[in-house]
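Report on the following structure.
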């Protein structure tokens, strides 16, 4: 296994303009609908008075396909992170700036909060006791301890982050929304694994809104004292996966020069090719590069 040789490329700032604000608004809208629809589906599924097993596949599928649907309309605007753990991983990998990470996280937290407020308005607090506190994450401390939940959340988030990085680096030409399909499936698989443990977070900002609104509406439960885990576990897993992929040996040699999902998946083939050609001729540095030799290098990769 080759040693890590790439220099860490973390940058904190970027120009703040209308496109940046639009991206933040897109992340707010995306998280709003993600919490409203997906946590709403969890509430509807958990509300059953029948003595039958709850349909975990229904909940897992709603989160997985919810990501794919929502990313279709916000992806070209913001990259469709819809998860501050993903944003954190892309920051550590040098793909986005620190200020974008902070603003995306705040936008997602706001979207999660307002999405849950509408769940409160729609379902109230009498829907099967708040149906697990508007989809809040928590675990039974008599069954699982902190360390077990931490590992489960970390590994579930790492799976998601590995898939995100791979999707960015090796996109399928013309994939469009199907380019996000592997990411959606990683979310669904993580939910099938984690739902019986803690309701599955792998997304701190998704967990933030339901927990806060459930506390505001006085729904009882252990979720209020356990939210720290749904930040620590996913953030650790995301950071670890980002470093292993970006600076270890997992990163492929052949890339298209994209840094985020908006370029890798949602950009048209023509625009992506133009961007790659500009990148190949040296970009802003003006360093002339022979396209023929680079094309040959691509063939070798």
Extension gain residue 145-residue 185, at 0.36 nm per residue separation less the Cα-Cα distance, in nm?
11.7 nm
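Volume per residue, Å³, of the convex hull around the alpha-carbon atoms of the stretch 18-267?
Numbers: hull volume 28.3 nm³, N = 250.
Convex hull volume per residue, Cα atoms: 113 Å³.
Classify the stretch 55-118 from the C-alpha gyration tensor, please: rounded if a/c falls under 1.5, else prolate or oblate depending on whether a/b exceeds b/c.
Working: a/c = 2.01, a/b = 1.56, b/c = 1.29.
It comes out prolate by the Cα gyration axes.
Please find the FRET efficiency linking residue 21 to residue 118, where r is the Cβ-Cβ separation and R0 is fixed at 25 Å, and quote it to the nearest 0.05.
Numbers: r = 23 Å, r/R0 = 0.93.
It comes to 0.60.
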What's the extension gain from residue 126 to residue 243 if we count 0.36 nm per residue and subtract their Cα-Cα distance?
37.6 nm
Additional length obtainable on full extension of the chain from residue 99 to residue 73, 0.36 nm per residue less Cα span
7.1 nm
Based on the mean of other beta carbon atoms within 10 Å per residue, what is the order of 79-86, 163-170, 18-25, most packed first?
79-86, 163-170, 18-25
Relative contact order of the stretch 74-164, please, whole-number percent, based on alpha carbon pairs below 8 angstrom and at least 6 residues apart.
24 percent
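Bear in mind these aren't lab numbers, they're just calculated from the coordinates by the rules spelled out. Since the model is a prediction, treat every value here as computed from it, not as a measurement. Methodologically, a virtual Cβ is constructed for each residue, glycine included, from the backbone with ideal geometry; neighbour enumeration extends over all protein chains shown.
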